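To keep things clear, I will list the structure first and then write my remarks on it.
The values are calculated or read from the model by the stated rules, or taken from the named source; none is laboratory data. Just so you know, these numbers come straight off a predicted model, no measurement behind them. Here Cβ is always computed from backbone atoms with ideal geometry, including for glycine, and neighbour counts include all displayed protein chains.
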Amino acid sequence: MTKLTQTQTTILSRAAARPGALALPLPERLAGAAANMAVARMIELGWLEEVDADIRCREPLWRETGDGHGTTLIATEAGLAAIGIEPVVLKAVAGLRGAKSAQEREPTSTSIADAPKPAAIRTGTKQAQIIALLQRPEGAAIAEIAAETGWQAHSVRGAISGALKKKLGLPITSEKVEGRGTVYKLDDA
C-alpha cells in the first residue's frame with residue numbers, strides 16, 4: 001500500500017468533507033506544475049477521478065475540454081478508503097452528487113464555498129454503523145439500532161434526524177411495520 005503524503009492527505013480529507021467528494025479547490029499552496037504532478041499521481045493511484053463538471057451547479061473546473069465544457073476532480077472510493085472512510089458511507093454520501101433534482105441544480109447566488117459541508121465519517125464509528133444498518137433491504141428499527149450502538153432510543157432518533165438527514169442530507173424514509181415499530185431505511189437514490 002502506498003503511503004500518503006501530507007498533500008495527498010489534505011486533498012482527500014477536504015474532498016471527504018465536500019458534497020459529492022469534490023477534490024477542488026486544491027489547497028492554496030499547491031499550484032501550477034506541483035498541482036499537476038500531485039493530481040496526476042493521485043489519478044494514477046486511483047484516488048482521484050476526473051469527471052465532467054456540472055457548470056450549472058458551479059462546480060470548480062480542473063481543466064477545460066472545449067465547447068464550454070470542463071472536468072472536475074472527485075475522490076474515489078479507494079482514495080477515501082486510504083484516509084479511513086468506509087466505502088458504505090462513501091456510497092451513501094457520494095451518491096448524493098448524482099441524486100440532485102433538476103430544480104436543485106439551478107444556479108444560485110451563493111458560492112459552493114458557502115454551502116454546508118458534510119462531515120467526513122471515519123471507519124468504525126457509530127454513525128457509520130447506523131448508516132450500514134439503514135442500508136439493509138429490511139432497514140432498521142430504533143430498537144435494533146439502539147442495541148447495535150448501545151445508545152438510548154432518543155439518541156438514535158436524534159442522530160437520524162440531525163446528523164444523517166440534516167447534516168449529511170441522506171434520503172432516509174420511515175414506515176411503521178407491525179411487530180417492529182418504525183423502521184428507517186436509506187433510499188438508494
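Per-structure values
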{"item": "Hits in the range 6-34 - residues which are more than 17 Å from the chain's Cα centre (by Cα) and either assigned by TED's automatic domain parsing to the domain that holds K167 or part of a helix (DSSP H, G or I) (or both)", "result": "Q6, T7, Q8, G32, A33, A34"}
{"item": "The range 26-72: number of residues that are touching a residue at least 40 places away in the same chain (Cβ under 8 Å) and either in contact with a Cys (Cβ under 8 Å, 6 or more places away or on another chain) or farther than 16 Å from L4 by Cβ (or both)", "result": "7"}
{"item": "Extreme residue, farthest from the chain's Cα centre (by Cα), among residues of the range 139-189 that are assigned to a loop (DSSP other than H, G, I, E, B) and surrounded by 18 or more Cβ atoms within 10 Å (Cβ to Cβ)", "result": "G139"}
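This table checks each residue for (1) touching a His at 6+ places or on another chain (Cβ under 8 Å); (2) buried (at least 16 other Cβ atoms within 10 Å of the Cβ); (3) at pLDDT 70 or above; (4) not in a helix (DSSP H, G or I).
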position: T65; (1), (2), (3), (4): no, no, yes, yes
position: I74; (1), (2), (3), (4): no, yes, yes, yes
position: V89; (1), (2), (3), (4): no, yes, no, no
position: S109; (1), (2), (3), (4): no, no, no, yes
position: A113; (1), (2), (3), (4): no, no, no, no
position: A120; (1), (2), (3), (4): no, yes, no, yes
position: G124; (1), (2), (3), (4): no, no, yes, yes
position: P137; (1), (2), (3), (4): no, no, yes, yes
